[in-house]
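*Asks:* Shown below is the structure under consideration.
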Amino acid sequence: MHSRVRKLFDRAYERLLRRDIGDGPDHVAIIMDGNRRYARERGDEATAGHREGSQTTEQVLRWCHDLGIEELTLYAFSTENFDRPPAEREHLFDLIESKLREFANADGIHENRVCIRALGEIDRLPERVREAIAYAERRTAEYDRFRLNVAVAYGGRAELLGAARDTLAAVDDGRLDPVDVDVAEIERRLHARPVRDVDLIVRTGGAERTSNFLPWHANGNEAAVFFCAPYWPEFSKVDFLRAIRTYESREASWRHTRTERAAALVRAVAGSSLVETREVVGRLRENLPHSDAEQLSDELDRQDHTAD
């Protein structure tokens, strides 16, 4: 009885959350934490938790499709995971290999034109995993409707260090002029390429840290972060919608703050010539949504009337 009531409540809450959110983020990145703890609390081996977690991964792909999200990055295996016990590590490799091949052959992947890419130090992985990565990437290479990135043998610090070393080597041997070192040059040397900036990071399992995950694409974009208590196998659509709502609330707050600051700047330069004031407003409008830009124009009109 309790379980049935809980399901009814969750469905009602899910509908409420769905009505509350708008377009949502373009790119969501997820740290799938808690598989081992989930299994341990149930008296199972860690491998059982990883298996159940893989089912959650399939569900999240469907939710992204339903919500119009265009890119999803999953933290499947970090560089630190190489230090795990050999038996657990080999099971993870087996699971990653099988899921990649399963995804690459799934009808839904091809119907929804999902492009699968792996990010990380792929050469450190066993040959069977590398072959599965190559197979999944080859079968979905031409798709462009949705992008699924699997971060495997990935570490953010190692990625940035590798990009820095590659850039220095290019400068040292004359292939790159130091004055040409810019954002684009660094980005094309990252493991995560081409990956759009991350809008939202989600971490399950209760820990409140982003664990060296996509620092260039997430920190550089000041991505929203949503931490939640459920272990990855327990992660539900309600949890996912709450994460989207957190992103949208943060974005709305930032838009309001940016608009308020822009309006304050307009008031501050109102004593300047009308041409100078309108030039400032024109530049500010380029970085604001349409509705906020209109609000800024209204502020300029008020300043004009006050000056008259």
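*Asks:* Taking segment 121-145 on its own, how many of its residues are modelled with pLDDT under 95 and surrounded by 17 or more Cβ atoms within 10 Å (Cβ to Cβ)?
*Replies:* So the count comes out to 0.
*Asks:* Then there's this: Only residues that are open to solvent by less than 40 Å² (accessible area, probe 1.4 Å) and in a loop (DSSP other than H, G, I, E, B): list them for segment 169-205, please.
*Replies:* The answer is LEU176, ARG189, LEU190, ALA192, VAL195, VAL198, ASP199, THR204, GLY205.
*Asks:* Would you please name the residue that is modelled with the lowest pLDDT, looking only at residues in segment 17-31 that are open to solvent by less than 40 Å² (accessible area, probe 1.4 Å) and assigned to a loop (DSSP other than H, G, I, E, B)?
*Replies:* So the residue we want is ILE21.
*Asks:* Answer yes or no as to whether ILE109 is farther than 23 Å from GLY206 by Cβ, at pLDDT 90 or above, part of a helix (DSSP H, G or I) and among the β-branched types (Val, Ile, Thr).
*Replies:* Taking the combined requirement at face value, the residue satisfies it.
To keep it simple, each residue is scored yes or no on (1) in contact with a His (Cβ under 9 Å, 6 or more places away or on another chain); (2) open to solvent by 50 Å² or more (accessible area, probe 1.4 Å); (3) touching a residue at least 12 places away in the same chain (Cβ under 8 Å).
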| position | (1), (2), (3) |
| --- | --- |
| GLY43 | no, yes, no |
| GLY53 | no, no, yes |
| GLU58 | no, yes, no |
| TRP63 | no, no, yes |
| ILE69 | yes, no, yes |
| THR73 | yes, no, yes |
| THR79 | no, no, yes |
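*Asks:* Does any residue in segment 167-187 that is within 19 Å of TRP216 (Cβ to Cβ) come within less than 8 Å, Cβ to Cβ, of a residue that is of a type in the set (Lys, Arg) and open to solvent by less than 80 Å² (accessible area, probe 1.4 Å) six or more places away or on a different chain, and which pairs are these?
*Replies:* Final answer for the pair search is THR167/ARG189.
*Asks:* Is segment 5-12 home to any residue that is at pLDDT below 95 and either under 24 Å from GLU88 (Cα atoms) or hydroxyl-bearing (Ser, Thr, Tyr) (or both)? Talk me through it step by step, then tell me what you get.
*Replies:* Here is the first cut: in segment 5-12, the ones at pLDDT below 95 are 5-12.
With the extra rule that they be either under 24 Å from GLU88 (Cα atoms) or hydroxyl-bearing (Ser, Thr, Tyr) (or both), the set shrinks to none.
No, every residue in segment 5-12 fails to be at pLDDT below 95 and either under 24 Å from GLU88 (Cα atoms) or hydroxyl-bearing (Ser, Thr, Tyr) (or both).
*Asks:* Answer with yes or no whether SER273 is open to solvent by 50 Å² or more (accessible area, probe 1.4 Å), among the hydroxyl-bearing types (Ser, Thr, Tyr) and either touching a strand residue (DSSP E or B) at 6+ places or on another chain (Cβ under 7 Å) or modelled with pLDDT of 75 or more (or both).
*Replies:* No; evaluated as a whole, the condition is false for this residue.
*Asks:* Quick check: anything in segment 107-114 closer than 21 Å to HIS50 by Cβ and surrounded by fewer than 21 Cβ atoms within 10 Å (Cβ to Cβ)?
*Replies:* no
The values are calculated or read from the model by the stated rules, or taken from the named source; none is laboratory data. The model shown is predicted, which means the values in this text are computed figures rather than measured ones. Every residue, glycine among them, receives a Cβ derived from its backbone with ideal geometry; neighbour counts consider all protein chains shown. We work out accessible area using only protein heavy atoms, side chains counted, and drop any ligands, DNA or RNA first. Shrake-Rupley method; radii C 1.70, N 1.55, O 1.52, S 1.80 Å.
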